[in-house]
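Taken together, the values in this text are just the output of simple stated rules run on the coordinates, not laboratory data. Everything numeric in this text was worked out from a predicted model, so none of it was measured. Don't worry about glycine lacking a Cβ; one is built from the backbone with ideal geometry, like all the others, and counts go over all protein chains shown.
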Amino acid sequence: MKTASINFDKFNQLQDAACHERIRIARAKLGQRAVILGHHYQRADVYQYADLTGDSLKLSRLASQTDADYIVFCGVHFMAEVADFMSKPHQKAILPDLAAGCSMADMANLAKVERCWRELNEVLSADEMFTPVTYINSAADLKAFCGDHGGIVCTSSNAERIAQWAFARREKILFFPDQHLGRWTGYKMGIPLDEMMVWDPDLEMGGLTPEQIRQARLLLWKGHCSVHQMFQPAHILKFRNQHPDGLVIAHPECSFEVCKQSDFVGSTELIVKTIKEAAPNTRWLVGTELNLVNRLAEEVKLEGKTVQFMAPTVCMCSTMQRIDPQHLAWVLENLAEDNVVNQIKVPDHEAGLARLALDRMLKAS
Ligand code: 13P
Ligand code: SF4
């Protein structure tokens, strides 16, 4: 018999050790009915329960391939949305804490993107001239906007290939919400910096003149990641002075100067792979979230590799951090009793178009 759903309040008071015990019991009860996906930035005490781990690209593929009734996403809101609209009708995407958002994703919203599109239309025909490209770190309605306007989704591991796809269709790209990933992608494709203009959504016409809009090949939405903006070229300089043989790797959400001064730039999956495959006894400076860097440092230390965090201060993704053992225990216990809590459901009218934009990406990458 189905029981009433269990309230979170009781779990909030639980010590971690008690949560781990309850997670193990509920997980065993659920068996194949649930799959736990974990992004690389998840805290260690939650990451250990993930059945499948990866970066955004890998996790969005995996979300469309699993068969479990419940896809429990240890990540942030936009990732659970992707799991929802990419999964089969009988599957439910669950986000253990609904407050786990992404501050960068929140820097663009549908009203502002539609206004931008209207303003672009005052200068030239946006639908003929621009392909809208949204970073996967965005709400489902923005992915749907791209689906509806001949656009596409990209992740940090395929942005260049996706930009080629976009330029093959139209002369210009409107890229949102991360200006840094957009700029780095354009730079790698050989687009001069003066043909990449920043669109400030809080200003009329993005703060640009009609002439600047006509000249731009890449319009970069004025958004950024609050974690990756902490890394500075000075941190790289200091490391290189101390360790001339050391290597630097950064996520493309870092500033242009940080990316330029790094030896490698890539997604979280690429960062993990590059360091794991590196020669023993190498030393690395890594510009991405702290949970990933700490885990990696542990995993490779027996090979004599040293992995150092790029910033001198602690900077974690505070929203990813919200998924803690208390929330995981709470959702799993409820699901084990078939009480669906914290389901993420993208409305049907958005889901179809968002899926179209994401399917275009999966085919192109
Ligand atoms: P990845 O796709 O590289 O995992 O990046 C996701 C993210 O949010 C980085 O801040
Ligand atoms: Fe969003 Fe930045 Fe956190 Fe990634 S690290 S989820 S971009 S806030």
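For Tyr187 and Val123, FRET efficiency with R0 = 30 Å and r from the beta-carbon atoms, rounded to 0.05? About 0.75, to the nearest 0.05. What's the center-to-center distance, using Cα atoms, between the stretch 64-97 and the stretch 329-365 in Å? Between the Cα centre of the stretch 64-97 and that of the stretch 329-365, the gap is 4 Å.
In this structure the amide hydrogen of Thr53, modeled in the peptide plane, comes within under 5 Å of the amide hydrogens of Gly38, none closer than 5 places in sequence on its chain.
Return the single residue from Arg240, Arg355, Arg295 with maximal mean-square fluctuation; model: Gaussian network over the chain, springs between Cα atoms under 10 Å. Of Arg240, Arg355, Arg295, the Gaussian network model singles out Arg240 as fluctuating most.
Phi angles across the stretch 323-335 convert, under the Karplus curve 6.51 cos²θ - 1.76 cosθ + 1.60 with θ = phi - 60°, into 3J(HN,Hα) values of 6, 10, x, 4, 5, 5, 4, 4, 5, 5, 5, 5, 5 Hz, Gly and Pro given as x. If you take all other residues with their beta carbon under 13 Å from the beta carbon of Ala351, and give Lys and Arg +1 and Asp and Glu -1, the sum is -3.
Pick from Asp202, Asp106, Asp69: which residue has the top mean-square fluctuation in a GNM of the chain where Cα pairs under 10 Å get a spring? Answer for the Gaussian network model of the chain: Asp202.
Using the Cα centre of the chain as the reference point, and only Cβ charges (+1 on K/R, -1 on D/E), how large is the resulting charge dipole? Debye, rounded to the nearest 20.
Working: 39 positive and 45 negative charges, 157 e Å.
Result for the chain is approximately 760 debye, rounded to the nearest 20.
Counting only aspartates and glutamates at least 8 places from Lys92 when in the same chain, those with an alpha carbon closer than 16 Å to its own are Asp67, Asp69, Glu81, Asp84, Glu333, Glu337, Asp338, Asp348. Cross-link partners for Lys238 among the lysines, with Cα-Cα distance under 28 Å and sequence neighbours closer than 8 places in the same chain left out: Lys188, Lys260, Lys273, Lys276, Lys301, Lys305.
Amide H contacts under 5 Å for Trp199: Leu220, Trp221, Lys222, restricted to partners 5 or more places along the chain or on a different chain, H placed in the peptide plane at 1.01 Å from N.
Each of Trp284, Ile152, Ala63 was scored by the projection of its Cα onto the charge dipole of the chain, and the greatest displacement toward the positive side belongs to Trp284; charges sit on the C-beta of Lys, Arg, Asp and Glu.
Between the stretch 103-123 and the stretch 254-277, the C-alpha centres lie 29 angstrom from each other.
What ranking, highest mean first, results for peptides 162-175, 207-220 when packing means the other Cβ atoms within 10 Å averaged over each residue? Working shown, then result.
Details: 162-175: 20.1, 207-220: 17.4.
Descending packing order for the listed peptides: 162-175, 207-220.
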